[in-house]
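The values are calculated or read from the model by the stated rules, or taken from the named source; none is laboratory data. On a predicted model such as this, the values are computed, not experimentally measured, just so you know. Quick reminder, even Gly has a Cβ in these numbers, built from the backbone with ideal geometry, and neighbours come from all protein chains shown. Protein only, heavy atoms only, side chains kept; ligands, DNA and RNA dropped before computing areas. Shrake-Rupley method; radii C 1.70, N 1.55, O 1.52, S 1.80 Å.
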Amino acid sequence: MKLTKLKNEFLSLLFPAKCACCQKIILPSEEICPSCKEKLEFIEEKRCLRCGMGKNFCECRFKIFRFDGIAAPFYNTGAVQKGIYNAKFRGHVSAHTFFINQMCLVANKYFSDVSFDAVTFVPPSKKRILQHGYNQSEILAKGVARHLKVPVFNLLKRESKSKTQHEIRKSKERFENVRGIYSTKESKALKNVLLIDDIKTTGATLNECARCLKLSGVQNVYCLTAAVTNPRLKKPEK
């Protein structure tokens, strides 16, 4: 026991724990620093599971979603936005771990009555894979699947080139941009599938992926993301 403790202490000196959001050094028992913890914007307890927003920000009357439910722990602002950037573009393990843990808490609370047959994820473009060497959504999906004890299936593929969604501001254009660019690799007669992505902005990407999954034989598609973007909240910190 003493040797194990000494080994862990030595490793913590070589590889100190870092905040998932700002990457400052923190205590081994912490996930994020106190400063970032104060800036986390959790989605309200009273929420709409059709669009993922708090009840006061529900956008269902403006859009029709093909997925059967969506949940996320955070709004995409401030410290959360920084953490997702660190996970997505810098591959920081602490950020991945933090968001996976928070996503699992939300899944346990809001999808507790759903028995999932599989977890899948939004596929990236080939360009994105070449740039970063990994798919952020796949990493999150594998972490969530381990917790739920459900298999991960790579069910979707990206068929054609299009602009990346973050280049497009208008919601209508985002929905048009992803139309027809995804397809399923094979037909799967599954009842409930959990679809993972890092952020829901307008829901266009998740919507198109859900449509493809249902055409391939999946009955119900639920979505789980690390954050949702709420255009009515203050702009994220730089």
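Things to note:
- Members of the range 128-159 found to be outside any helix (DSSP H, G or I) and in contact (Cβ under 8 Å) with a residue 60 or more places away in the chain, listed by number: L155
- Test for K234: is it surrounded by fewer than 13 Cβ atoms within 10 Å (Cβ to Cβ) and modelled with pLDDT of 90 or more: no
Quick grid of which residues meet (1) under 20 Å from N220 (Cα atoms); (2) outside any helix (DSSP H, G or I); (3) acidic (D, E):
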site: E45; (1), (2), (3): no, yes, yes
site: Q81; (1), (2), (3): no, no, no
site: Y85; (1), (2), (3): no, no, no
site: A95; (1), (2), (3): no, no, no
site: M103; (1), (2), (3): yes, no, no
site: K109; (1), (2), (3): yes, no, no
site: F116; (1), (2), (3): yes, yes, no
site: V119; (1), (2), (3): yes, yes, no
site: P123; (1), (2), (3): yes, yes, no
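- Going through (1) of a type in the set (S, T, N, Q); (2) over 19 Å from I196 (Cα atoms); (3) not in a helix (DSSP H, G or I) one by one, N56 falls short only on (3).
- The C-beta contact set for the range 182-211 (first residue more than 25 Å from T77 (Cβ to Cβ) and open to solvent by less than 10 Å² (accessible area, probe 1.4 Å), second residue outside any strand (DSSP E or B) and of a type in the set (A, V, I, L, M), distance under 8 angstrom, 6+ apart or interchain) comprises V193/L155; V193/L213; V193/V218.
- Residue ID - farthest from the chain's Cα centre (by Cα), chosen from residues in the range 13-29 that are open to solvent by less than 60 Å² (accessible area, probe 1.4 Å) and not polar (S, T, N, Q): P16
- Some residue of the range 85-108 being within 25 Å of M53 (Cβ to Cβ), more than 13 Å from the chain's Cα centre (by Cα) and in contact (Cβ under 8 Å) with a residue 40 or more places away in the chain: yes
- In the range 59-79, the residues that are assigned to a helix (DSSP H, G or I) and in contact with a Cys (Cβ under 7 Å, 6 or more places away or on another chain): A79
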